[in-house]
Structure formats: C-alpha cells, structure tokens
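The values are calculated or read from the model by the stated rules, or taken from the named source; none is laboratory data. As the structure is a prediction and not an experimental result, all values here were calculated from the model. Cβ atoms come from the backbone with ideal geometry, glycine included; neighbour counts cover every protein chain shown. Calculation scope for accessible area: heavy atoms of the full protein, side chains included, ligands and nucleic acids excluded. Shrake-Rupley method; radii C 1.70, N 1.55, O 1.52, S 1.80 Å.
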Amino acid sequence: MYSDAAKEKAEKLRYKESYYILSIESSCDETAAAVLYGKNVLSNIILSQIEIHRRFGGVVPEIASRNHLAAIDGVVAEALTVAGKTLSDIELIAVTAGPGLLGALLVGVSYAKSLAFSLNIPIFAVDHIKGHICANFIEYPSLKFPFICLLASGGHTAVVRVNSYSDMKTLGSTVDDAAGEAFDKVARVLSLPYPGGPEIEKAAKNGKAVIPLPRAFKNEKHLNFSYSGLKTAVINYVRNAESRGETVNAADVARSFQDEAVKMLADRVFAGAENEEINTVVLAGGVGANSALRALLTEEAEKRGISLYLPSKRLCTDNAAMIGAAAYIAIVEGLPVSSLELDASPHRSV
Ligand code: KG4
Ligand code: ZN
C-alpha cells in the first residue's frame, strides 16, 4: 500500500508542467531505462541481448529474464548518471507491464515497484504498444490527437486510430504473422542472422525486385494484413532453387520480399487515414526503422497531402524513453497512477 504522501505526490503530478520520470522497459530482449523531464529525454540507455540470443535464432524467454535480472541495476544507474540525476530527483516511475514475455516483464515490473515503494513515489504501468505509439511525441511536440498509426513490430502489426492515450481503436491487424516476424523468418531461410529486419534491409540494397511474389488482400477493402502467404512463397522459392542445385540470389530475394512487405504496410495505413478522414499518419514499432518503408511512406504521404511523422530509428525499436513519454501523456490526460499491486501481463490492452 502507498503512503498518503505518495498519493498526494501522484495527485500533484497532473497539475505540474514537467517532472522527472525514470522509465524501465524489459518486455523482450532489450533491458532499457531512461530519464525524462516531461517529454524531454535526458537519457535513453538500451542494453541489447541480441548477441546472446543470436545463436538460438531468436529470443529464448528464460535466458532473456535471467539477463534482464543481471543487467537492470546497471542500466538504471547509467540512465541516471547520463541524465545527471539521482534517484532522489525522480518523481514518477514508469514501467512496461505488457504485452511481452511474462518472465522478462516481471523483472522490470518488480524492480520498478520496489523503487517506487522505497522512494515513496507514484508508479505508472505502461502498455508497450501504446509506448511505441507515444514515441512520436518525443521528437514532435506539435503532434496532436487524433491520428492514424501504422504499428509494425516483431509481435504486432496494425493500423490504429489514436484519439488519446486511453482511446485507441484498432482498425485492422494481421491475421497471421506480424511484419517483423516475417522479416525475421525470411532472413532465417536466407541464413542471415537474428534479428532479420536490419539484415534483410542491408541485403535488399544490392538486389532487384525480380521475383514474383503474392500480395494478400489485394482488392479487399478491410485493413487487415497477412504475411504468411508472402513468407511461404519466399521459403518455397528458396527451397525449390536449392533442390535444383541452384544458388539463390539472396539480395534479389530480400529486395523482392521487402518491396511487397512494405507495400502492404503503406497501403493499409493510407487506406485507414482515408476511411477515417484523418490526415495525420504516424509510424511506430521496430519495422519502422526500415528505410524502404520510411521512403515509401514519405512518397505516398506527399502525394496524398498527409502530414507524416517518422520517429528516429532508435525510437522505433524497443527503448525506455517511449515508456516514460507514454506515462507523461497518460497523466496529462488525467489517468490515475497505478497501484503497487500492479502486475505484468503478456497480453495487449489496446
Ligand atoms: O518493436 P520491436 O523493437 O520489438 C517488438 O516489440 O517486437 O520490433 C522488433 C522487430 C524485429 O522483428 C526486427 O526484425 C524488426 O523489428 N526490425 C526491422 C528493422 N529493424 C528492426 N524490420 C525491418 N527493417 C529494419 N530495419
Ligand atoms: Zn516493441
């Protein structure tokens, strides 16, 4: 239970223009902590476990939890040092409570709760997906609700109408694989290391889009995505070539796949903007770091007179600054802080 002093501090936050936030993110394979003053990011430390998981071809949940546990203290300390602050300056703790790997989330949530308890300050539980979306507010202070968001990460792919932090409506989402998952699986079949997205992007730069691949839901009006047909077509193409003893041109495969994958993303988000009659589009999630996607969105937004917001690549992939910004936005909106009984959940709350 919180003391009355902590409750009072929580009440005051809503009326304060700015205050120091320490945010923690541990939903997958990045141990991350950031210090913000309102939406201003003073530090944003990300300790990636990618090298540890790479030899398994993907994230191993138990190994992720263990490494979060070993790393979190040092990552938080570094976030404070880089920001030039100490724990006694912090007025709010923000933490990712889900969705993600349960064991990994629990490390961040338990750590954040004990900090909030010992410092006697409020804590706010952030939804990871809402965090990705709110990353846009860090670099674009003029961004206003409502807007349409293309969310493309390793676990989620959706077009979301964002009216406010607490009012987000999914207009369409993937019926099978997430976009990032498809990038990772195609990379694997091309013997490229995990995570596949950046590797596919690199390989595609030297390739041509010469391999015919299927596009799902081509003439359909809904805003859903499907990546399993595209992924299977690529896998079949590679396997067939190999069985004939031919060497595949990995750059051409990567380019052909990437072109189709990003076309589907762009197509759906602009259709969403048109349907909802909203001319502000924002990007969120790890796949948002893809240069081909960013270029296509920029070109299409210009053609359609849409205001497009692209967070910098470091703010697209998992980080804690977006979690702090999300907490700040939510509190400005009047949402109550969380109780110390808050729990981690692997599910999405949007
Ligand atoms: O948002 P994120 O960091 O973590 C999740 O919440 O899932 O997204 C990770 C996903 C991975 O599938 C990764 O391959 C993909 O984002 N990704 C990319 C790029 N950078 C990361 N996909 C395509 N191109 C990239 N440059
Ligand atoms: Zn993420």
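Numbers at a glance
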{"read-out": "Residue, nearest to Asp29 (Cα to Cα), within segment 81-111, restricted to residues that are open to solvent by 10 Å² or more (accessible area, probe 1.4 Å) and touching a strand residue (DSSP E or B) at 6+ places or on another chain (Cβ under 6 Å)", "value": "Ala97"}
{"read-out": "Residue in segment 24-60 that is nearest to Val107 (Cα to Cα), counting only those that are open to solvent by 30 Å² or more (accessible area, probe 1.4 Å) and within 16 Å of ligand 2 (Cβ to nearest atom)", "value": "Cys28"}
{"read-out": "Filter result (closer than 20 Å to Ala266 by Cα and among the small types (Gly, Ala, Ser)) within segment 168-195", "value": "Gly172, Ser173, Ala178, Ala179, Gly180, Ala182"}
{"read-out": "The lone exception for Glu181 - which of (1) in contact with a Leu (Cβ under 9 Å, 6 or more places away or on another chain); (2) assigned to a helix (DSSP H, G or I); (3) under 27 Å from Phe147 (Cβ atoms) it fails", "value": "(1)"}
{"read-out": "Within segment 270-323, tally of residues that are away from ligand 1 (no atom under 13 Å from the Cβ), under 21 Å from Gly155 (Cβ atoms) and not in a helix (DSSP H, G or I)", "value": "1"}
{"read-out": "Unmet criterion (only one of (1) more than 16 Å from ligand 2 (Cβ to nearest atom); (2) touching a residue at least 40 places away in the same chain (Cβ under 8 Å); (3) crowded, with 20+ Cβ neighbours inside 10 Å; (4) over 19 Å from Val337 (Cα atoms)) for Asn67", "value": "(2)"}
{"read-out": "Residues located in segment 267-299, provided they are under 27 Å from Gly207 (Cα atoms) and surrounded by fewer than 20 Cβ atoms within 10 Å (Cβ to Cβ)", "value": "Asp267, Ser291, Ala292, Arg294, Ala295, Leu296, Thr298, Glu299"}
{"read-out": "Residues of segment 171-205 satisfying the condition of being within 16 Å of ligand 2 (Cβ to nearest atom) and of a type in the set (S, T, N, Q)", "value": "Ser173, Thr174"}
{"read-out": "Top-ranked residue of segment 131-159 - restricted to ones that are open to solvent by less than 30 Å² (accessible area, probe 1.4 Å) and closer than 18 Å to Thr31 by Cα, ranked as farthest from ligand 2 (Cβ to nearest atom)", "value": "Ala135"}
{"read-out": "Subset of segment 186-208 [crowded, with 16+ Cβ neighbours inside 10 Å and touching a Lys or Arg at 6+ places or on another chain (Cβ under 7 Å)]", "value": "Val186, Tyr194, Gly196, Ala204, Gly207"}
{"read-out": "Where a residue in segment 147-172 is closer than 21 Å to Ile329 by Cα and part of a strand (DSSP E or B) and its partner, wherever it lies, is of a type in the set (Phe, Trp, Tyr) and open to solvent by 20 Å² or more (accessible area, probe 1.4 Å), with Cβ under 9 Å and at least six apart", "value": "Phe147/Tyr309; Val162/Phe145"}
{"read-out": "Segment 299-312 residues that are touching a residue at least 40 places away in the same chain (Cβ under 8 Å), paired with ones that are in a helix (DSSP H, G or I) (beta carbon under 7 Å, 6 or more apart)", "value": "Tyr309/Asn136; Pro311/Ala135; Pro311/Asn136; Pro311/Glu139; Pro311/Gly288; Ser312/Glu139"}
{"read-out": "Flag for Ala326 being part of a helix (DSSP H, G or I), within 16 Å of ligand 2 (Cβ to nearest atom), out of contact with any Leu (no Cβ under 6 Å at 6 or more places or on another chain) and open to solvent by less than 30 Å² (accessible area, probe 1.4 Å)", "value": "yes"}
{"read-out": "Criterion: farther than 30 Å from Glu277 by Cα and surrounded by fewer than 24 Cβ atoms within 10 Å (Cβ to Cβ) - qualifying residue of Phe183, Phe124, Phe117", "value": "Phe117"}
